[in-house]
Amino acid sequence: MAQQPTDPAAAFAEFGRIKLGETDLHGVLTRVAELAQRTLPGADEVSITLVRDGRPYTAAYTGEIALQLDERQYERDAGPCLQAASEKVTISVPDTASDTRWDGWAPKAAAAGVGSVLSVGLPILESVTGAVNIYGLRERAFDDDTIQLAQRFAGYATVALANAHLHDSTTNLAQHMQAAMESRAVIEQAKGIIMGERRCSADEAFAVLTKISQDSNRKLRDVAAALVARVESGSAP
(Lines give C-alpha, C1' and ligand atoms only; values in the text may rest on other atoms or scores of the structure.)
Protein backbone atom coordinates (compact mmCIF):
# COMPACT_ATOMS: atom_id res chain seq x y z
CA MET A 1 0.00 0.00 0.00
CA ALA A 2 1.08 3.62 -0.57
CA GLN A 3 3.18 5.18 2.17
CA GLN A 4 4.12 8.73 3.10
CA PRO A 5 6.29 9.72 0.12
CA THR A 6 10.03 9.91 0.62
CA ASP A 7 11.67 13.20 -0.41
CA PRO A 8 12.80 12.72 -4.04
CA ALA A 9 16.21 14.25 -3.38
CA ALA A 10 16.79 11.72 -0.59
CA ALA A 11 15.69 8.90 -2.88
CA PHE A 12 18.02 10.00 -5.68
CA ALA A 13 20.88 10.30 -3.20
CA GLU A 14 20.23 6.75 -2.06
CA PHE A 15 21.02 5.51 -5.57
CA GLY A 16 24.48 6.97 -5.16
CA ARG A 17 24.99 5.06 -1.91
CA ILE A 18 24.43 1.65 -3.47
CA LYS A 19 27.65 -0.36 -3.05
CA LEU A 20 27.82 -2.97 -5.77
CA GLY A 21 30.40 -4.95 -3.84
CA GLU A 22 27.86 -5.47 -1.05
CA THR A 23 24.81 -6.46 -3.10
CA ASP A 24 23.92 -8.15 -6.39
CA LEU A 25 21.75 -7.23 -9.35
CA HIS A 26 18.63 -8.62 -7.68
CA GLY A 27 19.34 -6.54 -4.60
CA VAL A 28 19.61 -3.36 -6.67
CA LEU A 29 16.39 -4.17 -8.54
CA THR A 30 14.54 -4.73 -5.27
CA ARG A 31 15.82 -1.45 -3.88
CA VAL A 32 14.69 0.41 -7.01
CA ALA A 33 11.17 -1.01 -6.70
CA GLU A 34 10.95 -0.17 -2.99
CA LEU A 35 12.31 3.34 -3.53
CA ALA A 36 9.78 3.98 -6.30
CA GLN A 37 6.96 2.86 -4.03
CA ARG A 38 8.14 5.23 -1.28
CA THR A 39 8.96 8.16 -3.53
CA LEU A 40 6.17 8.40 -6.10
CA PRO A 41 2.82 9.73 -4.84
CA GLY A 42 -0.02 7.30 -5.53
CA ALA A 43 2.29 4.30 -6.00
CA ASP A 44 0.54 1.47 -4.19
CA GLU A 45 2.60 -1.27 -5.82
CA VAL A 46 5.64 -1.24 -8.09
CA SER A 47 7.38 -3.78 -10.31
CA ILE A 48 10.44 -3.81 -12.54
CA THR A 49 10.18 -5.48 -15.94
CA LEU A 50 13.37 -6.54 -17.71
CA VAL A 51 13.54 -7.74 -21.31
CA ARG A 52 16.51 -9.88 -22.40
CA ASP A 53 16.70 -11.54 -25.80
CA GLY A 54 13.10 -10.53 -26.42
CA ARG A 55 11.86 -12.29 -23.29
CA PRO A 56 10.23 -10.16 -20.58
CA TYR A 57 10.08 -11.06 -16.91
CA THR A 58 9.40 -9.32 -13.63
CA ALA A 59 12.75 -8.92 -11.89
CA ALA A 60 11.44 -7.25 -8.71
CA TYR A 61 8.07 -6.33 -7.26
CA THR A 62 6.59 -4.96 -4.05
CA GLY A 63 3.33 -6.94 -4.08
CA GLU A 64 1.58 -9.87 -5.73
CA ILE A 65 -0.91 -7.72 -7.65
CA ALA A 66 1.95 -6.04 -9.53
CA LEU A 67 3.47 -9.42 -10.41
CA GLN A 68 0.12 -10.84 -11.56
CA LEU A 69 -0.69 -7.88 -13.78
CA ASP A 70 2.80 -7.94 -15.29
CA GLU A 71 2.51 -11.62 -16.11
CA ARG A 72 -0.85 -11.14 -17.79
CA GLN A 73 0.89 -8.76 -20.16
CA TYR A 74 3.63 -11.28 -20.90
CA GLU A 75 1.05 -13.97 -21.63
CA ARG A 76 -0.68 -11.76 -24.23
CA ASP A 77 2.51 -10.02 -25.38
CA ALA A 78 0.72 -6.70 -24.90
CA GLY A 79 0.46 -4.12 -22.16
CA PRO A 80 1.82 -0.80 -20.88
CA CYS A 81 5.03 -2.19 -19.38
CA LEU A 82 5.95 -4.02 -22.59
CA GLN A 83 5.22 -0.96 -24.72
CA ALA A 84 7.21 1.30 -22.37
CA ALA A 85 10.16 -1.10 -22.45
CA SER A 86 10.19 -1.67 -26.21
CA GLU A 87 9.62 1.97 -27.22
CA LYS A 88 11.61 3.49 -24.30
CA VAL A 89 8.72 5.82 -23.51
CA THR A 90 6.32 6.63 -20.70
CA ILE A 91 2.89 5.01 -20.87
CA SER A 92 0.07 6.34 -18.69
CA VAL A 93 -3.23 4.61 -18.03
CA PRO A 94 -5.31 7.14 -16.05
CA ASP A 95 -8.42 4.97 -15.84
CA THR A 96 -8.04 1.23 -16.35
CA ALA A 97 -11.78 0.63 -16.48
CA SER A 98 -12.22 2.69 -19.63
CA ASP A 99 -8.92 2.07 -21.43
CA THR A 100 -9.30 0.02 -24.62
CA ARG A 101 -5.64 -0.62 -25.49
CA TRP A 102 -3.73 -3.92 -25.33
CA ASP A 103 -6.54 -6.33 -26.12
CA GLY A 104 -8.55 -5.79 -22.94
CA TRP A 105 -5.69 -5.87 -20.46
CA ALA A 106 -6.68 -2.63 -18.71
CA PRO A 107 -10.22 -3.72 -17.70
CA LYS A 108 -8.68 -6.85 -16.17
CA ALA A 109 -6.41 -4.60 -14.13
CA ALA A 110 -9.48 -2.66 -13.03
CA ALA A 111 -11.20 -5.89 -12.01
CA ALA A 112 -8.12 -6.72 -9.92
CA GLY A 113 -8.52 -3.45 -8.04
CA VAL A 114 -6.01 -1.26 -9.87
CA GLY A 115 -7.40 2.07 -11.05
CA SER A 116 -4.40 3.56 -12.84
CA VAL A 117 -1.00 2.52 -14.16
CA LEU A 118 2.18 4.32 -15.10
CA SER A 119 5.06 2.55 -16.89
CA VAL A 120 8.34 4.32 -17.64
CA GLY A 121 10.90 2.79 -19.99
CA LEU A 122 14.37 1.88 -18.70
CA PRO A 123 16.91 1.75 -21.57
CA ILE A 124 19.46 -0.04 -19.38
CA LEU A 125 21.88 -1.48 -21.94
CA GLU A 126 21.83 -2.23 -25.64
CA SER A 127 20.98 -5.86 -24.85
CA VAL A 128 18.68 -5.19 -21.88
CA THR A 129 15.65 -2.93 -21.70
CA GLY A 130 12.92 -2.65 -19.15
CA ALA A 131 10.34 -0.53 -17.39
CA VAL A 132 9.39 0.55 -13.92
CA ASN A 133 5.68 -0.10 -13.49
CA ILE A 134 3.69 1.88 -10.97
CA TYR A 135 0.24 0.65 -9.98
CA GLY A 136 -2.28 2.90 -8.22
CA LEU A 137 -5.45 1.59 -6.62
CA ARG A 138 -7.46 4.73 -7.40
CA GLU A 139 -8.22 6.24 -10.79
CA ARG A 140 -6.03 9.12 -12.02
CA ALA A 141 -3.54 8.53 -9.22
CA PHE A 142 -0.68 10.07 -11.21
CA ASP A 143 -0.85 13.74 -12.18
CA ASP A 144 1.58 15.54 -14.50
CA ASP A 145 3.98 16.34 -11.66
CA THR A 146 4.09 12.68 -10.61
CA ILE A 147 4.69 11.59 -14.19
CA GLN A 148 7.63 13.99 -14.48
CA LEU A 149 8.97 12.80 -11.12
CA ALA A 150 8.64 9.17 -12.28
CA GLN A 151 10.63 9.99 -15.40
CA ARG A 152 13.38 11.62 -13.33
CA PHE A 153 13.35 8.62 -10.99
CA ALA A 154 13.66 6.27 -13.97
CA GLY A 155 16.71 8.21 -15.20
CA TYR A 156 18.52 7.65 -11.91
CA ALA A 157 17.33 4.03 -11.77
CA THR A 158 18.59 3.36 -15.31
CA VAL A 159 22.12 4.40 -14.38
CA ALA A 160 22.08 2.32 -11.18
CA LEU A 161 20.74 -0.76 -12.99
CA ALA A 162 23.17 -0.42 -15.89
CA ASN A 163 26.08 -0.26 -13.43
CA ALA A 164 24.70 -3.22 -11.46
CA HIS A 165 24.21 -5.27 -14.62
CA LEU A 166 27.73 -4.57 -15.85
CA HIS A 167 29.15 -5.38 -12.41
CA ASP A 168 27.17 -8.62 -12.30
CA SER A 169 28.34 -9.59 -15.79
CA THR A 170 31.96 -8.77 -14.96
CA THR A 171 31.79 -10.76 -11.72
CA ASN A 172 30.33 -13.78 -13.52
CA LEU A 173 32.97 -13.54 -16.24
CA ALA A 174 35.74 -13.40 -13.64
CA GLN A 175 34.29 -16.43 -11.86
CA HIS A 176 34.09 -18.37 -15.13
CA MET A 177 37.66 -17.42 -16.01
CA GLN A 178 38.87 -18.48 -12.56
CA ALA A 179 37.07 -21.81 -12.90
CA ALA A 180 38.57 -22.31 -16.35
CA MET A 181 42.07 -21.58 -15.05
CA GLU A 182 41.60 -24.02 -12.19
CA SER A 183 40.37 -26.69 -14.60
CA ARG A 184 43.34 -26.14 -16.87
CA ALA A 185 45.73 -26.37 -13.91
CA VAL A 186 44.34 -29.68 -12.62
CA ILE A 187 44.33 -31.16 -16.13
CA GLU A 188 47.99 -30.19 -16.56
CA GLN A 189 48.76 -31.83 -13.20
CA ALA A 190 47.01 -35.02 -14.28
CA LYS A 191 48.87 -35.05 -17.59
CA GLY A 192 52.16 -34.74 -15.71
CA ILE A 193 51.24 -37.71 -13.51
CA ILE A 194 50.37 -39.89 -16.51
CA MET A 195 53.53 -38.84 -18.34
CA GLY A 196 55.58 -39.87 -15.30
CA GLU A 197 53.78 -43.19 -14.84
CA ARG A 198 53.68 -44.21 -18.51
CA ARG A 199 56.77 -42.45 -19.84
CA CYS A 200 54.66 -40.91 -22.59
CA SER A 201 54.34 -37.51 -24.29
CA ALA A 202 51.96 -34.70 -23.22
CA ASP A 203 49.68 -35.42 -26.20
CA GLU A 204 49.54 -39.13 -25.33
CA ALA A 205 48.76 -38.30 -21.68
CA PHE A 206 45.94 -36.01 -22.75
CA ALA A 207 44.58 -38.77 -25.00
CA VAL A 208 44.53 -41.12 -21.99
CA LEU A 209 42.55 -38.59 -19.95
CA THR A 210 40.13 -38.02 -22.83
CA LYS A 211 39.48 -41.75 -23.27
CA ILE A 212 38.81 -42.24 -19.55
CA SER A 213 36.45 -39.24 -19.65
CA GLN A 214 34.53 -40.67 -22.62
CA ASP A 215 34.42 -44.23 -21.29
CA SER A 216 33.21 -43.18 -17.85
CA ASN A 217 30.92 -40.39 -19.09
CA ARG A 218 32.60 -37.92 -16.72
CA LYS A 219 33.91 -34.44 -17.35
CA LEU A 220 37.58 -34.24 -18.25
CA ARG A 221 38.24 -31.95 -15.28
CA ASP A 222 36.61 -34.42 -12.87
CA VAL A 223 38.71 -37.28 -14.22
CA ALA A 224 41.86 -35.19 -13.82
CA ALA A 225 40.91 -34.05 -10.32
CA ALA A 226 40.27 -37.65 -9.23
CA LEU A 227 43.69 -38.72 -10.52
CA VAL A 228 45.46 -35.82 -8.76
CA ALA A 229 43.57 -36.55 -5.52
CA ARG A 230 44.52 -40.23 -5.76
CA VAL A 231 48.22 -39.41 -6.09
CA GLU A 232 48.16 -36.79 -3.35
CA SER A 233 46.49 -39.22 -0.97
CA GLY A 234 49.14 -41.84 -1.72
CA SER A 235 46.58 -44.40 -2.92
CA ALA A 236 47.74 -47.23 -5.13
CA PRO A 237 46.92 -46.90 -8.87
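Descriptive notes on the structure:
- Per-residue packing, averaged as other Cβ atoms within 10 Å, sorts the ranges 206-214, 31-39, 130-138 into the order 130-138, 31-39, 206-214, beginning with the highest.
- Label sites at residue 26 and residue 86, each approximated as a point 7 angstrom past Cα along Cα to Cβ, lie 2.9 nm apart.
- Residues in the stretch 205-226 reached by a label modelled at residue 195 [backbone nitrogen below 14 Å; 7 Å Cα→Cβ]: 205-209
- Sequence of 76, 184 when ordered by accessible area, the most exposed leading, probe 1.4 angstrom: 184, 76
- Annotation: extensible slack from residue 202 through residue 218 equals 3.7 nm (criterion: 0.36 nm per residue apart, minus Cα-Cα distance).
- Modelled this way, with points 7 Å down the Cα-to-C-beta line, the labels at residue 152 and residue 95 are 2.9 nm from one another.
- Using θ = phi - 60° and Karplus 6.51 cos²θ - 1.76 cosθ + 1.60, couplings along the stretch 105-120 (whole Hz; Gly, Pro as x): 5, 4, x, 5, 5, 4, 5, 7, x, 9, x, 8, 9, 9, 10, 10
- Residues of the stretch 94-113 with amide N under 15 Å of the 7 Å Cα→Cβ point at residue 68: 106-113
- Taking all protein chains together, 50, 149 sort by accessible area into 149, 50, largest first [probe 1.4 Å].
The values are calculated or read from the model by the stated rules, or taken from the named source; none is laboratory data. Small disclaimer: the values here were computed from a predicted structure and weren't measured. Glycine gets a Cβ as well: all are built from the backbone with ideal geometry, and neighbour counts include every protein chain shown. Side chains are part of the model used for accessible areas, which takes the heavy atoms of the whole protein and leaves out ligands, DNA and RNA. Shrake-Rupley method; radii C 1.70, N 1.55, O 1.52, S 1.80 Å.
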